[in-house]
Amino acid sequence: MLRFSSRKSDYLPKSFYNLKADLPRLPKPPVHPGTRQPLSPSDLEPIFSKGMIAHEISMEREVPIPVRVLEALRQYRPTPLVYASNLKAHLQTPAHIFYKYEGAGPTGSHKSNTALVQAYLAAEEGIKCLSTETGAGQWGCALAHAGSLFGLEVKIFMVSSSFKSKPGRKTMAELFGASIVSSPSLLTEAGRRFLAMDRNHVGSLGIAISEAIEAALTHPGTKYSLGSVLDAVLMHQSIIGLEAEVQMREFDKEPDVVIGCVGGGSNFGGISFPFVRKNLKEGKRIRFIAAEPESCPTLTKGELRYDHGDTAGMTPLLHMYTLGKDFVPPPLHAGGLRYHGMAPLVSHLVHRGVVEPRAYAQDRVFQAARTFFITEGILPAPESSHAIAAVMDEALKAKREGKETVILFNLSGHGFLDMSAYERNGNGHKPM
């Protein structure tokens, strides 16, 4: 069987896919924390660009991709769909394993897919600066790159534990011209408050979000940009699954199971939502698995309720699985998955039984990553390695049952800037 799809025709779609248009029942809407009434677009205007708000509230099934964004996306898309023949042989499984390699993007992860859109929409509106948070650094680097393309200043608040352990991401963001600081920082009231409680605070995505929103609200010409969670972000990421759907036809295959890691939900939604549509509209019975860390088990141990998306309570209330806005995860290996909440759309699908969540221990994740690196030759990001652990479980299940299960997963980024995480975790040889 071919290792890569055989033709590089124009797989890149001209429109994003909006899952909300096909859901028989929508998630509960975001609400204003003061009035407890559903948000109006005007409630979001102090924080987001108007173009981003329009994408967030859209109910259209297909939302056109702006021409200039398409031009930027074509620099690295379509990303490869790879048949993992070596991993299959190593596991001695009859399963067919495919992965969409988003590490081929300009900053090494799927995050550029939405960063380019958000930067373009802000620039078209005349916004001068975007503020944002980042966990492991993939999102911050992606927005820094997008800002450099569309002439925007970018201010990044990076979770302290990752800021200290992953200096390569800081360097990359600065090379693109962005400013990046450790969060909590002394630059915002929220940051100073958390540092007053603990001068060595490890930080969290919730805290970094609070700082980034405060920066947007207190600096004229600045708006906030978010790399996950929002409906619009998951819609932008749908190009991953839309491409994969076309590419898999060349192999004459359709997935039985689709797998992705989850922190806020963007890469999982990106690979899975176009295939969820097949279940909803075509009566398919594709399974969906969302893999998260045991140390931040939002879907497997969280509660489905309204909660703030940030720690300081500055965001609207989102109906989502949450560990509570005050939850501060340990400084685990996968900084991009250290989030207390989950995208409302992913939460909704889990609640409806469409998506199965699984939590994986850190040692298991790094063992899976090492196996993948040795067999497939790509060092996966620690975040993506959670998906690989779930893939291996499904492949071995197929082996026990003697089934040629077709597995598709999203390798959402490479781990070549995460060497320190591998060193701290024994390079996948043993638990911490």
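Could you say whether any residue in region 366-379 is in a helix (DSSP H, G or I) and under 15 Å from the mean Cα position of the chain (by Cα)? Full working, then the answer.
Applying the first criterion (in a helix (DSSP H, G or I)) to region 366-379 yields 366-376.
With under 15 Å from the mean Cα position of the chain (by Cα) added as a condition, the list becomes none.
No, region 366-379 contains no residue that is in a helix (DSSP H, G or I) and under 15 Å from the mean Cα position of the chain (by Cα).
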Legend entry - Selected residue [part of a loop (DSSP other than H, G, I, E, B), under 24 Å from E282 (Cβ atoms) and modelled with pLDDT of 95 or more] from L26, L12: L26
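For region 228-278, name all the residues that are among the aromatic types (F, W, Y) and over 21 Å from H55 (Cβ atoms). Walk me through it before giving the result.
So the first thing to find is which residues in region 228-278 are among the aromatic types (F, W, Y), and the list is 251, 268, 273, 275.
Answer for region 228-278, where residues must be among the aromatic types (F, W, Y) and over 21 Å from H55 (Cβ atoms): F251, F275.
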Inset, instruction - Please verify whether region 24-43 includes one or more residues that are under 22 Å from S347 (Cα atoms), touching a Leu at 6+ places or on another chain (Cβ under 8 Å) and buried (at least 19 other Cβ atoms within 10 Å of the Cβ). - result: yes
Legend entry - Which numbered condition T222 misses (of (1) more than 30 Å from P94 (Cβ to Cβ); (2) buried (at least 24 other Cβ atoms within 10 Å of the Cβ); (3) modelled with pLDDT of 95 or more): (2)
Legend entry - Of the criteria (1) crowded, with 24+ Cβ neighbours inside 10 Å; (2) at pLDDT below 85; (3) touching a Lys or Arg at 6+ places or on another chain (Cβ under 7 Å), which one G336 fails: (3)
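Please indicate, with yes or no, whether at least one residue in region 57-74 is outside any loop (DSSP other than H, G, I, E, B), over 30 Å from S148 (Cα atoms) and out of contact with any helix residue (DSSP H, G or I) (no Cβ under 7 Å at 6 or more places or on another chain). If you could, list the steps in order and put the result at the bottom.
So the first thing to find is which residues in region 57-74 are outside any loop (DSSP other than H, G, I, E, B), and the list is 57, 62-64, 67-73.
Checking the rest, the ones that are also over 30 Å from S148 (Cα atoms) come to none.
No, the conditions are met nowhere in region 57-74.
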Inset, instruction - With the condition kept exactly as written, say whether any residue in region 333-340 is in contact (Cβ under 8 Å) with a residue 60 or more places away in the chain, assigned to a loop (DSSP other than H, G, I, E, B), basic (K, R) and at negative phi. - result: yes
Inset, instruction - Could you give me the residue pairs with C-beta distances under 6 Å whose first residue belongs to region 370-383 and is under 12 Å from Y101 (Cα atoms), whose second residue is aromatic (F, W, Y) and surrounded by 20 or more Cβ atoms within 10 Å (Cβ to Cβ) wherever it lies, and which are 6+ apart or on separate chains? - result: P380/F372
Legend entry - Any hit, region 209-222, residues being closer than 20 Å to A115 by Cα and not in a helix (DSSP H, G or I): yes
Legend entry - Pairs, first closer than 18 Å to C129 by Cβ in region 164-183, second modelled with pLDDT under 95 and surrounded by fewer than 20 Cβ atoms within 10 Å (Cβ to Cβ), C-beta under 7 Å, six or more apart: none
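Go through region 189-208 and count every residue that is of a type in the set (D, E) and not in a helix (DSSP H, G or I).
Applying the first criterion (of a type in the set (D, E)) to region 189-208 yields 189, 198.
Checking which are not in a helix (DSSP H, G or I) leaves us with 198.
Final tally of qualifying residues: 1.
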Inset, instruction - Return the total of residues in region 140-159 being of a type in the set (G, A, S), touching a Gly at 6+ places or on another chain (Cβ under 9 Å) and surrounded by 24 or more Cβ atoms within 10 Å (Cβ to Cβ). - result: 4
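Can we say G206 is of a type outside the set (D, E) and at pLDDT 95 or above? Write out each step before concluding.
Details: of a type outside the set (D, E): yes; at pLDDT 95 or above: no.
In short, no.
Sort out which residues of region 96-116 are assigned to a strand (DSSP E or B) and aliphatic (A, V, I, L, M), and write them in order of number.
To start, the set of residues in region 96-116 that are assigned to a strand (DSSP E or B) comprises 96-101, 109.
I97, the sole residue that qualifies.
Look at F416 and say whether it is at pLDDT below 95, among the hydrophobic types (A, V, I, L, M, F, W, C), surrounded by fewer than 20 Cβ atoms within 10 Å (Cβ to Cβ) and under 24 Å from V233 (Cβ atoms).
no
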Legend entry - Residues located in region 117-153, provided they are closer than 24 Å to V63 by Cβ and in a strand (DSSP E or B): L130, T132
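Search region 277-294 for residues being of a type in the set (D, E, K, R) and within 20 Å of R364 (Cβ to Cβ), and hand back the single one that is farthest from the chain's Cα centre (by Cα).
Narrowing region 277-294 to residues of a type in the set (D, E, K, R): 277-278, 281-282, 284-285, 287, 292, 294.
Retained after the next criterion (residues that are within 20 Å of R364 (Cβ to Cβ)): 292, 294.
Numbers: E292: 12, E294: 18 Å.
Among them, the one singled out is E294.
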Inset, instruction - Quickly run through region 29-42 and pick out the residues that are outside any loop (DSSP other than H, G, I, E, B) and of a type in the set (A, V, I, L, M). - result: V31
Inset, instruction - Can you tell me which residue among F327, F372 is out of contact with any Phe, Trp or Tyr (no Cβ under 7 Å at 6 or more places or on another chain), hydrophobic (A, V, I, L, M, F, W, C) and at pLDDT 95 or above? - result: F372
Inset, instruction - Determine, yes or no, whether S295 is crowded, with 24+ Cβ neighbours inside 10 Å and not in a strand (DSSP E or B). - result: no
Legend entry - Every pair of residues 6+ apart whose Cβ atoms lie under 7 Å, when the first sits in region 281-297 and is of a type in the set (A, V, I, L, M) while the second is part of a loop (DSSP other than H, G, I, E, B): I286/P255; I286/D256; A290/V262; A291/V262
Legend entry - Residue list for region 208-227, filter: in contact with a Gly (Cβ under 9 Å, 6 or more places away or on another chain) and farther than 10 Å from F48 by Cα: A208, I209, S210, E211, E214, G221, G227
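The values are calculated or read from the model by the stated rules, or taken from the named source; none is laboratory data. Nothing here was measured: the structure is a model prediction, and the numbers come from that model. Glycine gets a Cβ as well: all are built from the backbone with ideal geometry, and neighbour counts include every protein chain shown.
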